[in-house]
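The structure under discussion appears below in the form of structure tokens.
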Amino acid sequence: MKTAGLPWTSSEYNEYFIAKLFQSQYDDILNLFKQDFALTRQKLGLGSFHVILATYVQIGQLDEAIQFIKNADKWDVVPDISVFVRTMNRCMPKNSTTVRTAKELIKTHGLSSTKALNTNLLSLFKENRSPDSQFQEIQSILRILGNKKLDVTTYNILITGFCDQRLPAEAVKIYKEMRTHDVKPNIYICSSLMEIFTHHRDVASAEQIVRDTILGGHKPDEVLYNQLIKVYFKARQSEKAFRAFQEVEKNPTLQVNDVMLNTMINGLVMNRELHTAGALYSSMMKSKFKPDMITFNTMLKGYVKANDMVSAQKIITDMFQCNMEPDTVTYTTLIDSVFMRREPTSTEEVIDYIKEMKIKPNVYTYNAIINNWVKRQDMEQAENTFHYMFGKGIPPTIHTYTNLIQGYTQLQDLNKVIETFKSMSRHGIKPDRATFNFLIVGFLHHHRLQDAYNCLEQMKASKLTPTKDTAKLLLDDCLARKDWNMGQKIISFMDSTGFSGLFHLPNELILYLLENFLDLADLWQLFQTSSELRYFSSTVIGTIWKIETRPKDQMKIQCRAALISLIDQQPKDYDKIIQGIRSYKHKYVLIEDIDIRNRIRTTVDIIFHHAVFISAIRHSNSCQQEDRLTSPLVKLLCQLDTSFPSYCREITYTLADNIKAFLEYTGYKILASSCTTITFYRLSALFDLMGAAFGAKILTDSHLDCAVQRTLELLSNHPTFKKKLLLHLLDHWLNVKVMGPAADLCRYIRLEIDKCDDNHRSSTIM
């Protein structure tokens, strides 16, 4: 078309640019842009704009990219981060570097106008992705803007967006920034924040924002007054609510409506002012306004709670007069009151009372009755109610069957659970998530994990997605059984049925998975992957593995990462670790000798922590001895000894100091009666480290002798473990060191072992 002299449309330019970017033909893109757009005012499409921006970034012309963004107004284009990402997903799906760079350029240089800023914020809030990533993107824009005063429309987008994303703290934070810049809220901002203040019962803030809105030139309307009344009632300030209501009645420009009357009645009942609520309700029934279903049910609950069943019956009558049918809440309220106050012994008694109130029993009535029998664990009467329904020609619903299954599950009657489930299927009623959840609980109570997993497969076939609670139940059982294969199947299933990624899981479930199913090396890999994963992995690394992930000294992080890699990959040499220690230099150190000494001490501290604490945690997780950590770590200490011959004593002294400090720490725990299995695991790991270090001549026999004696003092009340610890040290580490000074230590250890045997025989005789 272009060669024939026909002009291209914006869409045709867009497709051409995208195709050329996909083929990495950057010169063609820029040549056409300069020929048709750079020197003219021809309109440039948004897609074409983003492709040209990506081209500049891709070829490294960042200055041109910045100028191009600043000139966006020339083509009546607003750079949009969300649209840019979608465009790049079409033509450069794997080039995250270009996307990240271009996004930062747009944030820094393309959002100076209110129009551009608002467009980007609206797009980000509307994006269908995880709330965490949305929040981080928006927060990065706000950080770039700093303390800049924004337009009220921008504040409106931010506050409304944060409220919709259920981030009330962020919305309130934006409002406080508005106040510092003396920007008055509009009606929409006021309405959004009033919902938050109502939930928090924050009367002072609610009144303040109403004043600010009025000062901003916005007259309060019925909606605003209604929200203010809600706040007052929620904060138990009925007098203020009445004054606000009277202001509406006196204001000729405002009019009391049915919404406001319903709010007043609901608030009065909530504040236990039932008499006043009843008077207002009566006047409302005589007016042109009628109560809604919420108000009817609220009044009914109030009268039932006050045991005024005559007034409660009148509410039911009024419902029918207003052509409203009692709903589930209505029937549940009535049936619950019957069971609470009359304590019936049969379903017939309950039905007779319902008929006295001139209510015809229906499926909701029977479901509420069954639910109450289930609460009382009277499954015989629940079954009678179920058969009574059939006799009256009322077919049960999914809620009927689910109530019965719940009752049988609570009584751990699995046969009845399965029988009811089959009966439901025969009657053509499809189970819902709640039904499957109770069925899974029943199977797990009877240690039938495979059958519980089969329920997940049935849910998938029924196009149902399990809840986080169901998933946690199954994973808890996998953890208790140490059935990691089934745990992996459950996680794979979750990923295939709606949980389309780790960050679509609830935060507590993500932490649960990381704590129970990943080793330290896997967590460390996640720690280095992304900011989202870093948050979760650092939490688990800190709480479970007791490793600080944000130390002031960056060398500690680097050293820890090297140790984790060392244990998993078992490299033949330690040159990289030694080189890292040697090359790291603190920028404020003036005397290099002191700096090297401190680096060696830090390294030995981390090696000790890894050999004792990390080994103990792995031992407790796998229930197997984790002495495979010891050998490579002691080899690393030997390599340090060889690489820094002038500081060899630092290694020995620092390791001995760590051993002494650890034994003192353990002594305090034993004295405080907080000695647990993990304490024994740590002592075992300590003895492995001491034995290996003694064999490598890093520790002397005097170091070992002092540590052994102190440990035996601590374990005076634990002879069985003491003997096991000494035997392991003697047989595993000292059997080749029986000559010289070590011979005395071996004789001492054998003597202590014999004492343990003598004490055991004495206790047996006694």
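Does the range 120-129 contain at least one residue that is over 29 Å from K20 (Cα atoms), open to solvent by less than 20 Å² (accessible area, probe 1.4 Å) and of a type outside the set (F, W, Y)?
Within the range 120-129, one or more residues are over 29 Å from K20 (Cα atoms), open to solvent by less than 20 Å² (accessible area, probe 1.4 Å) and of a type outside the set (F, W, Y).
Within the range 478-492, track down each residue that is open to solvent by less than 80 Å² (accessible area, probe 1.4 Å) and part of a helix (DSSP H, G or I). Walk me through how you get there before you give the answer.
Taking the range 478-492 as the starting set, the residues that turn out to be open to solvent by less than 80 Å² (accessible area, probe 1.4 Å) are 478-479, 483, 486-487, 490-492.
Selection gives C478, L479, M486, G487, I490, I491, S492.
Out of I678, I698, I need the residue that is in contact (Cβ under 8 Å) with a residue 40 or more places away in the chain, out of contact with any His (no Cβ under 7 Å at 6 or more places or on another chain) and either outside any helix (DSSP H, G or I) or open to solvent by 60 Å² or more (accessible area, probe 1.4 Å) (or both). Which one? Quick ask: steps written out before the conclusion?
On the way: I678 fails: either outside any helix (DSSP H, G or I) or open to solvent by 60 Å² or more (accessible area, probe 1.4 Å) (or both).
Testing whether each residue is in contact (Cβ under 8 Å) with a residue 40 or more places away in the chain, out of contact with any His (no Cβ under 7 Å at 6 or more places or on another chain) and either outside any helix (DSSP H, G or I) or open to solvent by 60 Å² or more (accessible area, probe 1.4 Å) (or both) leaves just I698.
Look through the range 87-103, keep the residues that are loosely packed, with under 14 Cβ neighbours inside 10 Å and of a type outside the set (S, T, N, Q), and return whichever of them is nearest to the chain's Cα centre (by Cα).
Result: R100.
Tell me, yes or no, whether the range 260-268 has at least one residue that is without any contact (Cβ under 8 Å) to a residue 60 or more places away in the chain and open to solvent by 60 Å² or more (accessible area, probe 1.4 Å).
Step one: filter the range 260-268 for residues without any contact (Cβ under 8 Å) to a residue 60 or more places away in the chain, giving 260-268.
Add one more test, that the residue is open to solvent by 60 Å² or more (accessible area, probe 1.4 Å), and what stays is none.
Within the range 260-268, not a single residue is without any contact (Cβ under 8 Å) to a residue 60 or more places away in the chain and open to solvent by 60 Å² or more (accessible area, probe 1.4 Å).
Please list, ordered by first then second residue, the pairs with beta carbon atoms under 6 Å, 6 or more apart or interchain, first in the range 383-408 and part of a loop (DSSP other than H, G, I, E, B) and hydrophobic (A, V, I, L, M, F, W, C), second surrounded by 15 or more Cβ atoms within 10 Å (Cβ to Cβ) and at pLDDT 90 or above.
Note: no pairs meet the criteria.
Let's see how each residue does on (1) of a type in the set (D, E); (2) closer than 19 Å to K148 by Cβ:
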| site | (1), (2) |
| --- | --- |
| Q58 | no, no |
| A65 | no, no |
| K74 | no, no |
| V77 | no, no |
| D80 | yes, no |
| V83 | no, no |
| S113 | no, yes |
| F125 | no, no |
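Only one of (1) part of a helix (DSSP H, G or I); (2) of a type outside the set (D, E); (3) under 26 Å from S113 (Cβ atoms); (4) touching a residue at least 24 places away in the same chain (Cβ under 8 Å) is not met by I174, so which one is it?
(4)
Within the range 277-290, can one find any residue that is within 30 Å of N384 (Cβ to Cβ) and of a type outside the set (D, E)?
Of all residues in the range 277-290, those within 30 Å of N384 (Cβ to Cβ) come to none.
Among the residues of the range 277-290, not one is within 30 Å of N384 (Cβ to Cβ) and of a type outside the set (D, E), which makes the answer no.
If you check F289 against the conditions, is it at pLDDT below 90 and part of a loop (DSSP other than H, G, I, E, B)?
Values: at pLDDT below 90: yes; part of a loop (DSSP other than H, G, I, E, B): yes.
Yes.
The values are calculated or read from the model by the stated rules, or taken from the named source; none is laboratory data. Not measured: the values here are computed from a predicted model. With ideal geometry, Cβ positions are generated from the backbone for all residues, glycine too; neighbour counts draw on all protein chains shown. Accessible surface is based on the protein model in full, side chains and every heavy atom, while ligands, DNA and RNA are left aside. Shrake-Rupley method; radii C 1.70, N 1.55, O 1.52, S 1.80 Å.
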